[in-house]
Amino acid sequence: MAVSWDELVTAALLGTERRGAVTPRGLLDEAAAQTVRRRAGLRPAPAPAPPEPAGDDPRTPLPAAARRRLAMLLTDRPGTGTTRRGSTPDLLELLPQWLATANAYGYAPPPELLPALLDAARGRTDLRPQALTFAGPRALWLGRLNPDWKFALRATPGAGTALPAPEETEQVQLLWAEGLFAERVALLATVRAHDPEAAGALLAGTWGTERAEDRLMFLDSLRTGLSDADEPFLEQALTDRSRNVRATAAELLSALPRSALAARMADRALSCVAFDRAAGTIAVEAPHECDAAMERDGVVAKPPAGRGERSWWLGQLVEASPLDRWPERFGGRSPEEIVALPVADDWRSELHAAWCRAAVRQRDIGWSRALLGPATAAGAEGPGAVSLAERAKLLAALPAQERAEWVGEFIASHGLSEAFQLLGVCATPWAVPLGRAVVDALNIARDAGSYPWSFSGVMGLAERCLDPGEAVRLEGLTAAVEEPEGAAPGAGGYWAEAFQRLVGTLRLRHAMREELAPAGPGAS
């Protein structure tokens, strides 16, 4: 007797011992026969409608040489299981720079290379912003057809939806009420850029019915264009039922130096920190409790493991206080003079670390300079920064040229072993003095017989960030040199390969730049 397909599925799920109508072997045989029978019995169905064609891309097509270069970059597959890279440039690492330059010139991608580009972006999230900008609207079209490329829809606010103009009130209200979350975030940004008050009204109108995770994302979107006009709404969010929403609202308010929250936090911090004129030191009396008002303003009561409660509360108060309140507290002293003052009772590290976080949050150039201190000072730490990571954040507030000069001086004084994080915040391509300081330090390390593997990270940065015009000057470093006594075995050969790869990469970057440069009169 034939067994139905549903009975076979039940027997497979429950076990043939509980379904005596079929044995295990018979189950497989019958399933194979049923599968053939089911497939043979399928009736032809109408063919699905083909997708709508992708829209035209009005941007300028790539020059032929740049098109060939992109194909080369996308087909390069570095990594063969060995840690030794040799002297061959890593083409895939040049793809982000190529995309940035192509986007700056406003080129459109060759359609036949879009699948490879999206595959590359799928595997590397750092590529996605530039890759999707270059791919343009066709990335959305392809993302709807291939599940592997759905990240293009998630990464694009509104996923290609045509947003109503901010003045189209009815359409704005309809999309805000019925749109997908990504569409609503994109709409909020559009309305906010045109009319911040109207955007605030949109958000406030549905705030009480939004999910906690959505409220948090909406708040996070306010970071762009944050202004004093956002204060009333953020003040209300301080009483939100979600702890994460409250914390984010407090953080945003503390970034507004004229906000009432910033003033409240400053009053608390100033009551804890004073100048002892008799002793010529900063005196600190940390809070003895974290009351309900402090918690409402974003102070987290419970410290992380290993931190004392009082120092934890003090740090949060100081980092949320406007930095322009401190000079008056210290008799009109400048930030440099305040940072140079001794701090009593071992509170110096905690106080300076909080000032560092405040300078980063408020992007205060004067305090960042003071806390960084001179690049040539002894030791890797500045007068206020407790780590190189903190110094890197402070550097980001300085103008690009000043940042490069400071890091170049730091490398000349301290070498490269402490400089990797600092180099990461410098604008690219590196200014010529900074690039030469890096190369000189690498050359000194090679002459000293240092392990070249210790400098692989800096060498990788140099390949991506040095001005391509430096290739000619570096030619003399590509030859192997005699290894000094006590050097790591084979270090000379590794150093020669590394410099050969550096020069080759710089030449390749120069060629890429030339291939992408628009031709003809008026090109810039």
| said: Show the residue pairs meeting these rules: Cβ distance below 8 Å; 6+ apart or different chains; first residue within the range 193-204 and without any contact (Cβ under 8 Å) to a residue 40 or more places away in the chain and over 17 Å from E183 (Cα atoms); second residue among the small types (G, A, S) and loosely packed, with under 12 Cβ neighbours inside 10 Å. | reply: P196/S227
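Yes/no per residue for (1) aliphatic (A, V, I, L, M); (2) modelled with pLDDT of 90 or more; (3) part of a loop (DSSP other than H, G, I, E, B):
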{"position": "A445", "(1), (2), (3)": "yes, no, no"}
{"position": "S450", "(1), (2), (3)": "no, no, yes"}
{"position": "S454", "(1), (2), (3)": "no, no, no"}
{"position": "A462", "(1), (2), (3)": "yes, yes, no"}
| Taking into account only those residues within the range 220-240 that are under 13 Å from R296 (Cβ atoms) and part of a loop (DSSP other than H, G, I, E, B), which is most open to solvent (accessible area, probe 1.4 Å)? | T239
| said: Just to be sure before I move on: is A427 open to solvent by 10 Å² or more (accessible area, probe 1.4 Å) and of a type in the set (A, V, I, L, M) in the structure I sent? | reply: yes
| Looking only at residues in the range 167-180 that are out of contact with any helix residue (DSSP H, G or I) (no Cβ under 6 Å at 6 or more places or on another chain) and within 12 Å of T206 (Cβ to Cβ), which one is most open to solvent (accessible area, probe 1.4 Å)? | E178
| note | The condition from (1) surrounded by 16 or more Cβ atoms within 10 Å (Cβ to Cβ); (2) in contact with a Phe, Trp or Tyr (Cβ under 9 Å, 6 or more places away or on another chain); (3) farther than 27 Å from V360 by Cα that A480 misses is numbered (1)
| said: So if I check each of P44, P50, P109, P96, which one is modelled with pLDDT of 80 or more, open to solvent by 90 Å² or more (accessible area, probe 1.4 Å) and not aromatic (F, W, Y)? | reply: P50
| Residues that are surrounded by 16 or more Cβ atoms within 10 Å (Cβ to Cβ) and either within 17 Å of G315 (Cα to Cα) or in contact with a strand residue (DSSP E or B) (Cβ under 7 Å, 6 or more places away or on another chain) (or both), drawn from the range 258-272 | L261, A262, R264, M265, A266, R268, A269, L270, C272
| field | Test: A135 is of a type in the set (A, V, I, L, M), open to solvent by less than 40 Å² (accessible area, probe 1.4 Å) and modelled with pLDDT under 90 | value | no
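The values are calculated or read from the model by the stated rules, or taken from the named source; none is laboratory data. Everything numeric here is computed off the predicted structure, so don't read it as measured data. All Cβ positions, glycine included, derive from the backbone under ideal geometry; neighbour counts span all protein chains shown. Ligands, DNA and RNA are stripped out before the accessible areas are found, and what is left, the full protein with its side chains, is counted by its heavy atoms. Shrake-Rupley method; radii C 1.70, N 1.55, O 1.52, S 1.80 Å.
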